[in-house]
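Data first, discussion second: the structure below is written as structure tokens.
Every number here is computed from the coordinates shown, using simple stated rules; none is lab data. Predicted model only: the values in this text are computed from it and were never measured. Methodologically, a virtual Cβ is constructed for each residue, glycine included, from the backbone with ideal geometry; neighbour enumeration extends over all protein chains shown.
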Amino acid sequence: MKKIFLLIALSIFSTDIFSQQDPQFAHNSHNLLFTNPAYAGMTDGICASAISRQQWVGFEGAPITTLAGIHTKVKLFGITSGVGLTIMDDRYEFEKNFQAKLAYSYHKRISSGVLGIGADLGFINKDLKGEWKYPDPDGSSDPFIFINEGGTKAAFLFDMGIGAYYKIGEKFYAGFSVSHILQPNINYFNINSASFLRRHYFATAGYNFRLLNSPVEMQPSVFVKFDGTKMQYSGNISALYNKKIRIGVTYRNLESFIPMIGIDLIGGLKIGYAYEIPITKLITVSKGSHEVFVGYCFDFWGTNNNYKYKSILYL
């Protein structure tokens, strides 16, 4: 029964029968490099982060996603820029997706803030491996089914995206980006499966302000994703106490309610946890989703001996 619910859920949150939407995350403000290449180098020093997400606990074959990224500010030919790398492994049921991409961002100071214009290039490798059942003994009558001796189907896709990102210190940020610009066709073993990876659009914004004269900083933010057919948005409100402890909650439209907690440890190490509670009928068969975030920024070049981050929002 749980497999039936999983197939229904994947069909709802998928762009087509072969490919799920880009994986969703709860820590969107810590995941800007993956969705927007213009964010590369928008912090001082070198920043690395990782997210591990286990979605719809209780389902056999439910999505499990691991994402890692690193970026830094650089000077290329005297031009202030940023470079970054992200790697993602996304698995659900009998599909496995691996993605890697390099990002570049050109930085320009405008008024009291900094504008980044960026692009990323990379690839996606999609593997299908499962128990295949055909209407005939060997599947030879279906031209779209072709498997090798290991029972695996694979597709290799070239991918690219663009974006813009603007921030004013630690107070405000906003960004817009487009991924899968080429909408690459998914082609298994040179057999066109009449499927493609849809173009995705992302928009995000956040603002920080201190609550009166207290040691509490409020950090509201919004994140919107659109794949040309369906729009999904999430709103977050977080409170950062004494630059150390962050507590917040996110609402994802018509899908989930997400309590979150984070802590800034000694030495710049930051850890966050989010637990997604479904607000749909999935709550009757799923124990929700777990997501863990780990991040660290450091001054590798030793350009600032007093290097210190004041907000975990821009990790």
In nm, spacing of pseudo-spin labels at K171 and A203 (7 Å Cα→C-beta vector): 2.3 nm
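Sort 161-167, 72-78, 195-201 by the packing proxy (mean of other Cβ within 10 Å over each peptide's residues), most packed first. Kindly include the intermediate steps, with their values, before the conclusion.
Details: 161-167: 21.3, 72-78: 11.7, 195-201: 18.7.
Result, highest mean first: 161-167, 195-201, 72-78.
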Please list, in chain and number order, the residues 5+ apart from D44 or on another chain whose amide H is under 5 Å from its amide H, with Hs placed from the backbone. none
Output ordering of 27-34, 153-160, 83-90 (per-residue mean of other Cβ within 10 Å, highest first) is 27-34, 83-90, 153-160
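To the nearest 0.05, what FRET efficiency results for I110 and T284 with a Förster distance of 35 Å applied to their C-beta separation?
Values: r = 50 Å, r/R0 = 1.44.
Efficiency, from the Cβ-Cβ distance: 0.10.
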